[in-house]
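Input: a single structure, listed below in structure tokens.
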Amino acid sequence: MSRTAISRRQFASDNYAGICPEAFAAMTEANQAHEESYGNDRWTEQAANLIREVFETDCEVFFLFNGTASNSLSLASLCQSYHSVLCHELAHIEVAECGAPEFFANGSKVLLLEGGHGKVEPKTIERAVNKRTDIHYPKPRVLSLTQPTELGTLYSLDELGALADAARGFKLRVHMDGARFANAVAALNVAPKELTWKRGVDVLCFGGTKNGLGVGEAVVFFDKELAREFDYRCKQGGQLASKMRFLAAPWVGMLRDGAWLRHAGHANRMAQRLEAALAKVPAIRIVHPVNTNSVFAKMSDQVVKGMHERGWKFYNHVGSEGEARLMCSWDTTEEDVDAFAEDARILCDAGEARAPG
Ligand SMILES: Cc1ncc(COP(=O)(O)O)c(C=O)c1O
């Protein structure tokens with residue numbers, strides 16, 4: 001099957017966007033000479049130090065290729081095979097990683113928690129932990145939170161604090177899937193430490209790809225003891241980049257002058273603009289609070305079909321049945337947003353005109 005290039009910017013995923021200029025420029029800089037391999041290069045050192053500066057603490061940092069591996073290998077380093085990981089039922093580690101967390105943790109079970117708008121609540125942790133405490137049940141060991149959630153919503157500082165307290169009360173470690181962590185920091189406008197180690201997060205998977213890198217996530221261990229032999233885990237899991245500088249340099253480009261927050265803030269603002277435009281269309285309902293760079297909109301099947309026919313790409317399988325997920329990226333423009341909203345409005349108006357009175 002032949003595939004054609006996509007001729008316009010889309011709302012299907014922030015993975016559709018290209019590499020942002022700051023990341024690209026740093027890659028080019030890193031391409032000037034020979035450097036040591038497997039992470040023993042200047043770029044990797046500089047990127048790790050910049051991450052330590054961002055979090056204002058002496059953490060252990062590893063650069064991996066993608067989010068699935070970052071989540072899976074970091075969870076594996078927190079668990080024995082007989083442990084379990086508690087997470088929201090829509091968590092990426094449950095619904096979109098093909099069982100990799102269980103695989104890399106040698107069978108640790110993922111236990112699911114319910115909660116509105118993609119968010120876990122302390123009482124569900126308590127229920128899950130107390131459901132069974134006998135030797136026949138996998139022992140809860142980790143609470144995994146996604147910030148922002150898979151539905152683009154955010155845990156406030158207070159909510160994070162309450163969740164971490166609950167986790168600590170049950171001797172659970174706290175893992176954070178931060179595939180869009182930059183969007184969370186930009187939206188909440190707080191120091192990154194306030195969302196992580198100060199709230200009891202032991203390990204963060206800090207997303208780079210959706211923020212504007214070509215490839216790459218950083219695994220950040222705030223509890224350094226948990227990072228013991230993580231380099232071996234990465235190597236065994238096929239995640240030790242030989243030319244590591246090309247994973248690390250884009251982080252330098254993003255972090256050294258604050259591009260990561262500029263891009264995330266821009267994507268968040270584009271989502272707000274899209275929400276405002278779609279909210280004016282009576283036949284469209286926004287179904288989750290728009291806290292970061294995604295908008296979840298309920299529209300009729302006919303409108304969805306019409307939008308697809310007009311060349312718009314977006315997913316319908318992330319939230320509940322029939323919710324369109326619309327993602328904004330670092331390069332989404334106001335014109336893109338307005339064009340999408342206008343097409344949706346035209347199709348909704350046409351549907352109403354056709355609807356029986
Ligand atoms: C919440 C979340 N976590 C992790 C990931 C990373 O996944 P990947 O393995 O595709 O990089 C994604 C990507 O869609 C995500 O949305």
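The values are calculated or read from the model by the stated rules, or taken from the named source; none is laboratory data. Given the structure is predicted, the values throughout are model-derived calculations rather than measurements. Cβ coordinates were reconstructed from backbone atoms using ideal geometry, including for glycine residues, and neighbour counts include every protein chain displayed. Protein only, heavy atoms only, side chains kept; ligands, DNA and RNA dropped before computing areas. Shrake-Rupley method; radii C 1.70, N 1.55, O 1.52, S 1.80 Å.
Which loop chymotrypsin sites (Phe, Trp or Tyr not before Pro) in the stretch 94-179, with loop taken from DSSP, have no more than 16 other Cβ atoms within 10 angstrom of their Cβ?
Within the stretch 94-179, the qualifying chymotrypsin sites (Phe, Trp or Tyr not before Pro) (loop, at most 16 other Cβ atoms within 10 Å) are 170.
Can you list residues from other chains, or at least 5 along the same chain, whose modelled amide H is less than 5 Å from the amide H of residue 143?
86, 173, 174, 175
Please work out the FRET efficiency for the pair residue 191 and residue 80, using the Cβ-Cβ distance as r and a Förster radius of 45 Å; give the result to the nearest 0.05.
Values: r = 34 Å, r/R0 = 0.75.
The calculated FRET efficiency here is 0.85.
Would you mind telling me which residue in 288, 117, 34 has the biggest mean-square fluctuation in a Gaussian network model of the chain, where springs connect alpha carbons within a distance under 10 angstrom?
Of 288, 117, 34, the Gaussian network model singles out 34 as fluctuating most.
So what are the ³J(HN,Hα) numbers for the stretch 90-95, from phi and the Karplus equation (6.51, -1.76, 1.60; θ = phi - 60°), rounded to whole Hz, Gly and Pro as x?
Ordered by residue, 3J(HN,Hα) equals 9, 4, 3, 5, 8, 9 Hz.
Ordered by residue, what ³J(HN,Hα) values in Hz, to whole numbers, does the stretch 9-24 give under the Karplus form 6.51 cos²θ - 1.76 cosθ + 1.60, where θ = phi - 60° and Gly and Pro are x?
Those phi angles translate into 5, 10, 10, 5, 7, 6, 6, 6, 5, x, 8, 6, x, 5, 5, 5 Hz.
Tell me the carbon and sulfur percent of the accessible area for the stretch 61-210, rounded to whole percent, probe radius 1.4 Å.
Numbers: 2970 of 5880 Å².
In the stretch 61-210, the share of accessible area belonging to carbon and sulfur is 50 percent.
If you plug each phi of the stretch 241-254 into the Karplus form 6.51 cos²θ - 1.76 cosθ + 1.60 with θ = phi - 60°, what whole-Hz ³J(HN,Hα) values come out, in order, with x for Gly and Pro?
6, 5, 8, 4, 4, 7, 7, 7, 4, x, 5, 4, x, 6
So what is the accessible area of the chain per residue, in Å², with the probe set to 1.4 Å?
Values: 16460 Å² over 357 residues.
Each residue of the chain exposes 46 Å² on average to a 1.4 Å probe.
Based on DSSP H runs of at least 4 residues, each adding -39500 (n - 2.57), what is the mean residue ellipticity at 222 nm of the chain after dividing by all its residues, to the nearest 500 deg cm²/dmol?
Helix contribution divided over all residues of the chain: -12500 deg cm²/dmol.
Based on Cβ point charges of +1 for Lys and Arg and -1 for Asp and Glu, what charge dipole magnitude is obtained for the chain about its Cα centre, in debye rounded to the nearest 20?
Dipole size: approximately 520 debye.
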